[in-house]
Amino acid sequence: MGRSKAGVPFVIAGKELKLFIKDTQMLFFSLALPVVLIFLMVATFGAQARFHATAYVVNLDRGGRGEELVDRLSAIPELTVEVLDEATADSRLATSEIVNAIILPPGFSEAVAAGRAQIEVRRRGAGGTEGQIAVSYAAAIARELAGECLVAERVKAVLAGMGTFVPGPTVDARVSELFAGSRDNPRITVTEETVGGRPEPVVVFLPGLVTMVTLFSITLGAVGIVEERKKGTLERLMTTRLTRGEFLAGQWLGTLSKGLLQVVFLFGLAWVAFRIFTPASFAALLAFGVIAIVSVSGLGLVIAAISKTPEQANWIAVFFTMIMTVLGGSFFDVSGAKGALAVLSRLTYNFWANDGLRRIIVKGESLTSPAILTDITVLLALAAASWVVAILFFRLRGDGK
Amino acid sequence: MPETDFVLVQDLRKAFNGHMAVDGVSFNIEKGEIFGLLGPNGAGKTTTIRMMATTLPITGGDVIIGGHSVHRNPAEVRHLIGVCPQELALYLELSALDNLVFFGRMEGLSKAEALEAAMRNLELVGLADRAKHRVAKFSGGMKRRVNLAIALMNKPELLFLDEPTVGVDPQSRNHIFDTIEGLRDQGTTILYTTHYMEEADRLCRRIAVMDAGRVIALDTPRNLKSRLGDPDKVTLEDIFLDLTGRRLRDAG
């Protein structure tokens with residue numbers, strides 16, 4: 001009877017892959033769900049090409065300048081103006097329905113006429129990015145109105161000094177007309193030139209999504225080892241000639257194969273559907289993907305080693321995945337983060353995996369670029385550390401031999 | 001160790017957190033013998049088997065199987081044993097054939113050897129025609145037979161059968177009995193545990209009754225029954241209850 005030890009881990013990996021493929025639910029969650037997520041994200045975030053905000057204005061002014069400010073604000077294409085009464089604005093602020101309201105106070109017209117424009121802002125927190133931009137527009141228009149009044153008053157003073165009598169309303173009307181003309185035909189113009197398509201949202205979201213999905217399925221794959229323990233197959237395997245090292249290597253290879261299958265599928269689909277890779281970047285991406293999976297599969301072994309029941313393994317896997325996805329910048333860039341977030345994010349697998357994937361996809365960097373080599377080094381170090389911890393825990397548990 | 005003994009259990013002990021689950025158990029099993037290990041729940045049967053099968057470290061004593069010490073040379077012992085555990089330790093999503101081939105590969109068989117052994121063992125347990133069917137679709141009795149077939153993949157000289165007929169219909173049970181008797185006739189030594197006394201009476205040449213981690217009786221079924229009267233009228237269950245008492249046992 002021949003004893004062929006070298007292939008044993010591959011036989012275990014083959015069995016794991018077979019079980020994975022035969023588990024249609026797991027297959028759906030691992031392959032189909034990420035695809036649905038990609039399309040949802042592209043549909044949600046990809047459609048909004050230009051900035052747009054709503055300015056919530058409460059006009060308490062009884063003169064005409066307040067209304068004039070609302071009119072000029074409404075003429076800005078990036079803004080929609082919603083005029084509210086004060087009570088409604090306060091109530092909507094109280095329930096966080098809106099986070100920012102621009103108040104034109106009583107006497108606003110008189111203040112503008114005296115060249116001292118003043119507006120008031122009520123907000124929750126910082127008032128939101130869109131709200132802050134709307135306030136900036138409103139403040140600029142108020143300053144513009146005050147400036148126009150000042151100019152009209154100066155003109156009147158100059159004319160009086162020259163002994164020329166022109167009625168005040170006539171001066172006001174003429175100055176307003178000149179300013180309106182300069183607004184319609186400004187001396188300074190901004191021209192926009194589109195130098196390429198809008199940034200493809202799939203490029204932005206794909207790395208984070210792939211790292212999240214592989215992290216999820218690989219850590220959840222740890223449940224498989226715990227189930228082996230629970231249903232007795234692990235103990236049965238330990239009565240065969242299989243060693244603990246061969247078992248762990250086989251499980252790890254199985255996890256690696258499943259992760260690789262996912263990565264090839266997702267990136268392959270992205271290539272076919274969105275044409276975002278070149279053959280070279282696709283090859284670099286797959287190679288980097290293998291390293292990332294090697295890294296996270298070590299974490300899967302740690303979860304398997306420390307969990308007593310499949311349910312426990314599930315919860316630990318979800319916990320690790322959620323924490324790492326948030327801290328590791330899967331959906332927002334944390335590379336420029338400072339303080340505790342900067343430190344914590346660098347302790348996650350996702351940070352380094354996302355960084356490498358984004359560099360390859362977005363910047364077209366090669367695997368030999370210093371930044372990507374750093375990512376690879378850290379990912380491999382994380383893998384080695386996970387392996388050491390997993391083996392120690394397996395020994396402490398006394399699984400088998 | 002007499003030449004006919006294939007297994008020698010010597011003063012075997014196992015402590016869990018200071019509690020002696022197995023406390024000085026000794027017995028021998030002759031080559032080609034079906035040896036019964038009976039006892040109520042929590043008596044220490046499964047713990048004894050797990051130590052003998054090298055999956056649980058021994059606290060004290062030793063087990064010699066085919067001349068090899070379980071304590072000192074577990075790898076050699078594993079070459080000689082096959083284990084059919086109480087639970088269905090197999091992959092339900094795989095076919096019967098895939099299960100057997102996988103465990104055969106774990107025993108070091110080449111793919112061709114594993115395939116050949118798998119088909120032979122499936123034939124033996126009467127499942128050759130269902131070889132490629134998913135085990136999940138099998139009846140309880142068929143799953144038990146797959147569980148047994150897996151234990152035979154390395155042609156073991158000593159086979160541990162831990163309650164192999166739990167939840168099995170009479171047809172499957174008879175098939176399992178025929179298989180076990182066939183293996184014995186081919187020289188396989190078998191250690192058999194069960195809660196069904198009539199099974200032990202039919203199959204086992206000798207029986208050890210365990211309680212509270214100790215062997216409290218060891219003899220042939222007939223001699224054990226003679227302790228209470230006419231062995232043709234007394235059942236093994238009578239002697240079992242007489243030895244272990246009628247108190248309910250709930251421990252696993």
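So the values come out like this:
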quantity	calculated
Subset of segment A:240-252 that is crowded, with 20+ Cβ neighbours inside 10 Å and under 17 Å from A:Ser295 (Cβ atoms) - its residue that is farthest from the other protein chains (Cβ to nearest Cβ)	A:Trp252
Matching option when the condition is in contact with a Pro (Cβ under 6 Å, 6 or more places away or on another chain) and modelled with pLDDT of 90 or more, among A:Leu73, A:Leu60	A:Leu60
Helices (runs of 4 or more DSSP H) completely within segment A:266-354 that count 2 or more residues being closer than 22 Å to A:Leu234 by Cβ	A:279-306, A:310-327
Criterion violated by B:Val101 - all others in (1) within 19 Å of the chain's Cα centre (by Cα); (2) over 21 Å from B:Val25 (Cβ atoms); (3) more than 7 Å from chain A (Cβ to nearest Cβ); (4) free of Cβ contacts under 8 Å to residues at least 24 places away in the same chain satisfied	(1)
Filter result for the condition that a residue is at negative phi and in contact (Cβ under 8 Å) with a residue 24 or more places away in the chain, over A:Gly131, A:Gly181, A:Gly168, A:Gly127	A:Gly131
Criterion violated by B:Leu241 - all others in (1) surrounded by fewer than 19 Cβ atoms within 10 Å (Cβ to Cβ); (2) touching a helix residue (DSSP H, G or I) at 6+ places or on another chain (Cβ under 7 Å); (3) in a helix (DSSP H, G or I) satisfied	(2)
Residue check for A:Ser366: crowded, with 22+ Cβ neighbours inside 10 Å, of a type in the set (Ser, Thr, Tyr) and more than 25 Å from A:Ala249 (Cα to Cα)	no
Hits in segment B:192-221 (condition: part of a strand (DSSP E or B) and crowded, with 16+ Cβ neighbours inside 10 Å)	B:Tyr192, B:Thr193, B:Arg206, B:Ile207, B:Ala208, B:Val209, B:Met210, B:Asp211, B:Arg214, B:Val215, B:Ala217, B:Leu218
Residue within segment A:263-274 that is over 31 Å from the mean Cα position of the chain (by Cα) and more than 9 Å from chain B (Cβ to nearest Cβ) present	no
Which numbered condition B:Leu80 fails, given (1) more than 9 Å from chain A (Cβ to nearest Cβ); (2) farther than 17 Å from B:Leu159 by Cβ	(2)
Matching entry among A:Leu79, A:Leu73 (being surrounded by 20 or more Cβ atoms within 10 Å (Cβ to Cβ) and closer than 27 Å to A:Ala146 by Cβ)	A:Leu73
Qualifying residues in segment B:157-180 (those that are assigned to a loop (DSSP other than H, G, I, E, B) and free of Cβ contacts under 8 Å to residues at least 60 places away in the same chain) - the one nearest to A:Leu237 (Cα to Cα)	B:Thr165
Selected residue (only one of A:Ile391, A:Ile376, A:Ile360 is more than 14 Å from chain B (Cβ to nearest Cβ), over 20 Å from A:Phe282 (Cα atoms) and not aromatic (Phe, Trp, Tyr))	A:Ile391
Which numbered condition B:Ser110 fails, given (1) without any contact (Cβ under 8 Å) to a residue 24 or more places away in the chain; (2) closer than 25 Å to A:Phe20 by Cα; (3) away from chain A (no Cβ under 13 Å)	(3)
Residues (among the small types (Gly, Ala, Ser) and over 20 Å from B:Met210 (Cα atoms)) located in segment B:227-246	B:Gly229
Hits in segment A:253-282 (condition: surrounded by 15 or more Cβ atoms within 10 Å (Cβ to Cβ) and basic (Lys, Arg))	A:Lys258
Qualifying residue in segment A:224-239 (condition: modelled with pLDDT under 80, surrounded by 14 or more Cβ atoms within 10 Å (Cβ to Cβ) and within 14 Å of another protein chain (Cβ to nearest Cβ))	yes
Answer from B:Thr46, B:Thr59, B:Thr54 - the residue that is of a type in the set (Ser, Thr, Tyr), touching a Pro at 6+ places or on another chain (Cβ under 9 Å) and either away from chain A (no Cβ under 12 Å) or within 19 Å of A:Glu246 (Cβ to Cβ) (or both)	B:Thr54
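Residues checked against (1) within 23 Å of B:Met197 (Cβ to Cβ); (2) crowded, with 21+ Cβ neighbours inside 10 Å:
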{"position": "B:Gln10", "(1), (2)": "no, no"}
{"position": "B:Gly18", "(1), (2)": "no, no"}
{"position": "B:Asn28", "(1), (2)": "yes, no"}
{"position": "B:Gly39", "(1), (2)": "yes, yes"}
{"position": "B:Thr54", "(1), (2)": "no, yes"}
{"position": "B:Gly66", "(1), (2)": "no, no"}
{"position": "B:Asn73", "(1), (2)": "no, no"}
{"position": "B:Ile81", "(1), (2)": "no, yes"}
{"position": "B:Leu92", "(1), (2)": "no, no"}
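The values are calculated or read from the model by the stated rules, or taken from the named source; none is laboratory data. If you're wondering where the values come from, they're calculated on a predicted model, not measured in any experiment. Reconstructed Cβ throughout: ideal geometry from the backbone, glycine too, with neighbour counts over all protein chains shown.
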